[in-house]
Every structure is written in structure tokens, then in C-alpha cells.
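Participant: I have a structure I would like to understand better, so I am pasting it below and will then ask my questions one at a time.
The values are calculated or read from the model by the stated rules, or taken from the named source; none is laboratory data. Quantities reported herein were computed from a predicted structural model and do not represent experimental measurements. Ideal geometry is used to build each Cβ from the backbone, glycine not excepted, and the neighbour counts take in all protein chains shown. Accessible surface is based on the protein model in full, side chains and every heavy atom, while ligands, DNA and RNA are left aside. Shrake-Rupley method; radii C 1.70, N 1.55, O 1.52, S 1.80 Å.
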Amino acid sequence: MSNKKQQTKKESSVLLGIPDGGIEVDNDAYITKLGGLPVWLEPSKPPSSKVCECRICHGSMYLIFQSYVPLQESPYHRVLYVWACNRRSCMRKEGSFSVIRSHVVDQAYLKAQRQKEEEKRKKEEKKKAAAAKQQQAFGNGFQLGDLWGNSAGSFGSTPSTGGGFGMKKPTAASIVASTPFGASAKKSDTSQQDLVAQMSEMGIQDPVDTAALPQFPGQYLYIDEERVDNYESMGIDMSRYKEYLDMEKDMLMDIDEGGSNGETWQGEAYEKQHLPKGVDKQFKKFTERVECAPSQCVRYEFNGQPLFYSGLRPQDQQLITSPCKYCKGPRVFEFQLMPNILSILPTTEYATKDLGATKPIDAKVKNVDAKTVLDSWNVGMEFGTILVFVCQKDCHQGSIEDVSYMEETALVQYETD
């Protein structure tokens, strides 16, 4: 019973993004949405146009997701952007999706921090003055001032605390009390400074023209906790599903035994490798979990456990375990985009327009073969899920007062051919 309670508690930590209607005025950076145009935290300082350019066809990508996700005890407003190319020919190739993490400091935090630093400076000046008077009174034999000097380095130091997911921005007072000023900028080397300079130079010389970007109609997302009860109470009869798998297994065994000549039909052997996805354990887990909330478009759990669409390949494992390219810290899972997005955003319709092709053919149209119908729909982006992994330290490049744009890691899993 205790294990069941712990499992329920763990599952409830996942937050879901559910479609909540169209956006009429798309100018708020502090929301969570699908589609639309990117709204920057600092509109006067957009990133380089390279962040939303497909590395395969070099065309402009579409924004498919934007979310305001500040972390607990962080001095920064924080937004994540996910971009995707809408050309089918670019899919399954590295560079057709990208993720950008953006920071801008909370001005209330900055004001409170400067006030704290000023108060600290005044206290240290008073202590130095008092130490100087005591040194004069004792003479040179007892250097009391050295005691203050030796302890000044640790004065006022506070332990660093880790960040966590928080939908509401913490107050400046609580941040100042627990977060060292400029903590992310303490460790710096030449290569990091060069990288910051390159990013700044790129942003100045080639800023993205937001108004010229292609866009899908914007859709609000509302956030709700995932509720996963046992399947029996939800009316999902998993025993029937198991019977189907067992029956399918028996049929395949019969096929392998061959016909009257004892030969195996190669056509059926090929089909055996491409069974319905339910045979794949990872996909089975994926579909069962999604069945609890089919309309979900986003799953969010910072430093949580992703729901994989299929098993990880060695190169996938290497990708998601690689360190942050800016601070070399570890990466953690933050959220994933679900395939329902493809039914919410008009990806196929817009892809046919971009290619100058005719719109997809209705399957009910007479005198049109099935292949022609399928080919007319086989355009635009595709994915099973997009898993986003970010810097665990949520590092910030450049000065604390600068707006910052960092590229994060996206693992895209597709349907098996």
C-alpha cells in the first residue's frame, strides 16, 4: 500500500499542457503556448536569426512551443522556445529542431541585491575603521586588523541552493536571502569568454526579424497535474490487449514454422519486424500513459523522468548525457512535446502552401488510389515526441544584467518505419 502511495505521489509531480483556445493578441512572454510568433523577454534585444534556421534546408523554422518557466530561487525570468522545420524532407536529420533557453534578470531582485551589497560594503568599512583604531591603540605588537582581514573572505557567505520548478516567480527578498550574487559567473575561462563574445557578436550583427518569421496560429495551454489511476478504474481493460498480443505471437510462430513445404514466407518475416507498436514495450508504456489524458500536448517535470516513445539508441544516450556546452555542468530532463501537437497545429496544410502543392486529398474522394491520398498528407513535420534536456545549473552567459540566449538539447523520437 505504501509503495502505491509513493508511486501516485511521484506521478502527480508531472504537469500537463492542455489546449485552451486560440490567442487573439500574441504579445505576452509570460505565458505557455503552442505556435504563434516568439515573444522575447527583451524585445529590443532579440537573438540571432540562426536560432530559428533549419540546419538542413536553411529555411526559417516555425515556433511550435513557448513557455515561461522560472525556477525556484533564481534571479532570472526564464523562457524556453522550441523550433521545428516544417519540411518532411528535413525530418530525421540533426538540425531540423532546436531549443533555446532565454534569461533576463528580475529587476526587483537586482535592486534588492544592489541594496544588500551597498549595506554590506558600509558594514565592512565601519569594521575596517574600528580595526584601524584598535591597531593604533595597541601599537604594532598585536595586529588585530589581521584578524578582520583573514575573516573578511568568508563574511556574509551563504550556501548555494538548487533550483526547482515554480510556476510563480519568487519574491526578490527570498532570492536575495538564499542566492549568491553572480553565482553563475564565478567560474569563467578563456573559452567561455570567447563563446560569450561570439554569441553577443552574432546577436548584434544578425538579429532575428520576428515579424518575418512563418507562424502557426497561436494556442493557449493551461497547466494541470497529471492524474494516473489504475487502469481498471478508468475502464481500460488491459487483459484484452494482452490477449491480442498473445494471439499475434502465436500467429507469428505459425508463420515461422512455414507452410507445407516447410519454408518461411519472406513477406511475413518482413512484417514481423514491423508489428503494431503495441509489441514494443516502451511504446506500449507510452500509449498507456497518454491514454489517461489524450489531449496532452506537453509533459513537464524538471529533473524528472521522461516518457520515451521508443527505446534509446546508443547515440541518443550519448546526446542526453552530454554536459552543458556553456558551463560543462550536467543536463537534466525538463519537458517533452507530445504528438497531439500535430493535430492542433496545421502543419500539413501550411507545408503544402509552402511547397506550392495542392491541399491534402480527402480519403473519401472517389477514383483516387490510396497511395496518392497518403502522399498528399505525407508533408510537413513529424515526430513521436520531442524530449528537452537542459542545463541543471540553469547557467547564465554574460553579465547578470544582460539578456541571454542558450541553446539546449532536443532528442526527437519518431515512429518506426
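Participant: Quickly rank 347-353, 314-320 as a protection proxy: mean count of other C-beta atoms within 10 Å, highest first.
Facilitator: 347-353, 314-320
Participant: Quick one: of LYS50/LYS325; LYS325/LYS393; LYS93/LYS285; LYS328/LYS393, which pairs are farther than 19 Å apart, Cα to Cα?
Facilitator: Details: LYS50/LYS325 17 Å; LYS325/LYS393 12 Å; LYS93/LYS285 26 Å; LYS328/LYS393 10 Å.
Over 19 Å Cα-Cα: LYS93/LYS285.
Participant: Report the accessible area of CYS297, computed with a 1.4 Å probe over the heavy atoms of all protein chains in place, in Å² rounded to the nearest 10.
Facilitator: Counting only protein heavy atoms, CYS297 exposes about 0 Å² to solvent.
Participant: Now for a different question. Work out how much length ALA130 to GLU415 would gain on full extension: take 0.36 nm times their residue separation and subtract the Cα-Cα distance, in nm to one decimal.
Facilitator: Working: separation 285, 0.36 × 285 = 102.60 nm, distance 7.24 nm.
Between ALA130 and GLU415, full extension yields an extra 95.4 nm.
Participant: May I ask you to derive the FRET efficiency for LYS281 and ARG114 from their Cβ-Cβ distance with R0 = 41 Å, giving the value to the nearest 0.05?
Facilitator: Details: r = 55 Å, r/R0 = 1.34.
For R0 = 41 Å, the calculated efficiency reads 0.15.
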